[in-house]
1. So which residues in the stretch 83-104 are open to solvent by 10 Å² or more (accessible area, probe 1.4 Å), without any contact (Cβ under 8 Å) to a residue 60 or more places away in the chain and touching a strand residue (DSSP E or B) at 6+ places or on another chain (Cβ under 8 Å), if there are any at all?
2. In the stretch 118-132, which residues are touching a helix residue (DSSP H, G or I) at 6+ places or on another chain (Cβ under 7 Å) and modelled with pLDDT under 95?
3. Name the single residue that is modelled with the lowest pLDDT among those in the stretch 1-19 being loosely packed, with under 13 Cβ neighbours inside 10 Å and hydrophobic (A, V, I, L, M, F, W, C).
4. Restricting attention to the stretch 129-150, does a residue exist that is of a type in the set (G, A, S), surrounded by fewer than 18 Cβ atoms within 10 Å (Cβ to Cβ) and in contact with an Asp or Glu (Cβ under 8 Å, 6 or more places away or on another chain)?
5. From the set of residues in the stretch 20-48 that are open to solvent by 60 Å² or more (accessible area, probe 1.4 Å) and either aromatic (F, W, Y) or outside any helix (DSSP H, G or I) (or both), which is farthest from A137 (Cα to Cα)?
6. Say we look at the stretch 157-185 and pick out the residues that are among the acidic types (D, E) and free of Cβ contacts under 8 Å to residues at least 60 places away in the same chain; which of these is surrounded by the most Cβ atoms within 10 Å (Cβ to Cβ)?
Amino acid sequence: MSHSPAVPAEITTGRPPELLPTTAGVSLQRRTVAHAPALNAAVVADLDHLRPWMEWADRAPLPERTVEMTRAGIAAWDAGTDFMYLAVADAEPGRVVGAFGLHGRIGPGALELGYWVGSDHVGRGIATAAARALTAAALALPGIERVEIHCDEANGPSAAVPRKLGYRLDRVVDAPVTAPAETGRKLIWLMERGAAA
C-alpha cells in the first residue's frame, strides 16, 4: 500500500492576479511550463550571482528539473498554497529577469514573499517594484493578514527591499546556514493588512 505525501492546506480561498504590471519595466507573470526554458537559461547564466544566497543554486539545474519544479508550482497555485511568478522584461517579452513567489510556509493567515533578480538587472528597482505589487496582491487575498520577507542579515540588497516598502523589522532569529554567504541570522520583516506598502 502506498501513501501519498501530505498536501499542504489551502492558505487562501482566493488567487492573486496572474499578471501584475510594475513601474520598473517588468511584468510579473504567473509561471507556466512555457516559461521553463527562459527561466532555466536565466538561472544557469546567473549561478555565480545566486549561489551565495540561494540553497538551490549550488549547481546548474537541468532543463527537465526546471519543468518539473514549474509543474509543482502550478499545482501549488491551483491548491492555494504558493503563487510563483517570473519577472519578464516589458521591452523583451519572454526574457526572464527574476523570479518572485508568495509562499504559504509560515502558517495560517500569512504569506512569505521571496525573490531574486538577475545580476544585470540589480539596482533598477525591479525587486522593490515587484515586491510592492505582490505585497498589495497578497494582502487583498481572503484570510491573509500579513506578508513576511525573510533574508539573511548579511544580504543587504535583499533587506533594502522591505525597508524601502515600509515593512517593519519584526525580529532577528537564528537559522541554519543553507548557502555559502549566510551568517545564520535571519531578518524577519513584516507588513500587516492595513499598513501602506
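The values are calculated or read from the model by the stated rules, or taken from the named source; none is laboratory data. The structure displayed is predicted, hence computed values, not measured ones. Please note: Cβ atoms are built from the backbone with ideal geometry, for glycine as well, and neighbour counts cover all protein chains shown. Accessible surface areas use protein heavy atoms only, side chains included; no ligands, DNA or RNA. Shrake-Rupley method; radii C 1.70, N 1.55, O 1.52, S 1.80 Å.
1. M84, G94, R95, H103
2. Here is the first cut: in the stretch 118-132, the residues touching a helix residue (DSSP H, G or I) at 6+ places or on another chain (Cβ under 7 Å) are 118-119, 122, 127-128, 131-132.
G118, S119, V122 - these are the residues of the stretch 118-132 that are touching a helix residue (DSSP H, G or I) at 6+ places or on another chain (Cβ under 7 Å) and modelled with pLDDT under 95.
3. Filtering first and then ranking leaves M1.
4. Initially, the stretch 129-150 is screened for residues of a type in the set (G, A, S), giving 129-131, 133, 136-138, 140, 143.
When the remaining residues are screened for being surrounded by fewer than 18 Cβ atoms within 10 Å (Cβ to Cβ), the result is 136, 140, 143.
Remaining after also requiring in contact with an Asp or Glu (Cβ under 8 Å, 6 or more places away or on another chain): none.
There is no residue in the stretch 129-150 that is of a type in the set (G, A, S), surrounded by fewer than 18 Cβ atoms within 10 Å (Cβ to Cβ) and in contact with an Asp or Glu (Cβ under 8 Å, 6 or more places away or on another chain).
5. If we take residues in the stretch 20-48 being open to solvent by 60 Å² or more (accessible area, probe 1.4 Å) and either aromatic (F, W, Y) or outside any helix (DSSP H, G or I) (or both), then T23 is farthest from A137 (Cα to Cα).
6. Residues of the stretch 157-185 that are among the acidic types (D, E), as a first pass: 170, 174, 182.
Pick out the ones that are also free of Cβ contacts under 8 Å to residues at least 60 places away in the same chain and you get 170, 174.
Numbers: D170: 14, D174: 8.
The qualifying residue surrounded by the most Cβ atoms within 10 Å (Cβ to Cβ) is D170.
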